[in-house]
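The values are calculated or read from the model by the stated rules, or taken from the named source; none is laboratory data. Source: prediction; values computed, not measured. Cβ: placed from backbone, ideal geometry, glycine included. Neighbour counts: every protein chain shown.
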Amino acid sequence: MSMHKQGRNKGEVSLERALSKLGILSRSKAREAIIAGEIKVNGKTITNPNLPVVPEIVKIHWNQEVKTKARPVTLVLYKPKGYVTTASDEKGRPTVFDLLPASLPHLGPVGRLDMQTSGLLILTNQTQLANYLTSPTNKVPRVYLVTVKGLFADSSRFQLLNGVLDEGEILKAESLVIRKSSQRESHLTVTLQEGKNREIRRMLDLVEHPVTSLKRVQFGLLDLGGLKPGEHRLLTDDEIKSLLLA
């Protein structure tokens, strides 16, 4: 394979993406390392982050070490409130990666939870699994426990089950159960089949019931089990298979 070929053959990705796929560095850190001349491909220093390579067949050196394909790792984390799901934050806020051991390979979140949302977050370095779980066509359910302001009526429930329009997007709950309702606040269980940006908060704002507490408790057939906030556990092969069957 010519390392200077400009096209994309089967299996080729940019060098910065290859470093991310292999679990070596995040995309942003990979770009920095490549531009700084820290990365060698097949023995040659490369400073072009967009160089096309096939991750499975090239030899990548970083900091004098040969990096091979990272072991597959998928875990579930009980994300506490107050953490962002990016690898680094320009505002210096704590990230979910601060809760994980440094010995793990680079992992990416499967979908995002905003800073004030807690609960189940899947992290993995298995790109195909992440793509499957987040693809709208696969309709993998996500279940949330939600507290909102005010008395939540059946009329609002029917609105969200039928779908509401916000900024050109249809926001829709697959199911919505009113667990408890009072003039002060209401408690709901909401199931989504897509992971649009801040979807639950947006749809509930539209029916004038702002969210005061939001927690994801299930993704596909996977739940938090006995995890406490900030804790994580590796998923078994059977649990990963159950996610694909969800």
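For the reader, a short list of remarks on this structure follows.
- Residues of the stretch 42-58 that are surrounded by 13 or more Cβ atoms within 10 Å (Cβ to Cβ) and either basic (Lys, Arg) or under 11 Å from residue 18 (Cα atoms) (or both): 49, 51, 52, 53, 54, 55, 58.
- Meets criteria (among the polar types (S, T, N, Q) and free of Cβ contacts under 8 Å to residues at least 40 places away in the same chain) for residue 103: yes
- From 123, 77, 100, residue being of a type in the set (A, V, I, L, M, F, W, C) and touching a Phe, Trp or Tyr at 6+ places or on another chain (Cβ under 9 Å): 123
- Some residue of the stretch 183-191 being of a type in the set (Ser, Thr, Tyr), touching a residue at least 40 places away in the same chain (Cβ under 8 Å) and under 22 Å from residue 115 (Cα atoms): yes
- Condition met for residue 226 (in contact with a helix residue (DSSP H, G or I) (Cβ under 6 Å, 6 or more places away or on another chain) and not in a helix (DSSP H, G or I)): no
- Odd one out for residue 158, checked against (1) without any contact (Cβ under 8 Å) to a residue 24 or more places away in the chain; (2) hydrophobic (A, V, I, L, M, F, W, C); (3) surrounded by 22 or more Cβ atoms within 10 Å (Cβ to Cβ): (3)
- The set of residues from the stretch 42-60 being among the β-branched types (Val, Ile, Thr) and either modelled with pLDDT of 90 or more or not in a loop (DSSP other than H, G, I, E, B) (or both) comprises 45, 46, 47, 53, 60.
- Residue, surrounded by the fewest Cβ atoms within 10 Å (Cβ to Cβ), within the stretch 88-143, restricted to residues that are assigned to a strand (DSSP E or B) and among the hydrophobic types (A, V, I, L, M, F, W, C): 143
- Hits in the stretch 177-195 - residues which are assigned to a loop (DSSP other than H, G, I, E, B) and either surrounded by fewer than 16 Cβ atoms within 10 Å (Cβ to Cβ) or hydrophobic (A, V, I, L, M, F, W, C) (or both): 182, 183, 184, 193
- When 108, 163 are checked against the criterion of being in contact with a Leu (Cβ under 8 Å, 6 or more places away or on another chain) and without any contact (Cβ under 8 Å) to a residue 12 or more places away in the chain, a single residue qualifies: 163.
One line per residue, one yes/no per condition, for (1) in the same structural domain as residue 85 (by TED's automatic domain parsing); (2) modelled with pLDDT of 95 or more; (3) not basic (Lys, Arg):
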{"site": "147", "(1), (2), (3)": "no, yes, yes"}
{"site": "173", "(1), (2), (3)": "no, yes, yes"}
{"site": "176", "(1), (2), (3)": "no, yes, yes"}
{"site": "180", "(1), (2), (3)": "no, yes, no"}
{"site": "189", "(1), (2), (3)": "no, yes, yes"}
{"site": "192", "(1), (2), (3)": "no, yes, yes"}
{"site": "195", "(1), (2), (3)": "no, no, yes"}
{"site": "204", "(1), (2), (3)": "no, yes, yes"}
{"site": "212", "(1), (2), (3)": "no, yes, yes"}
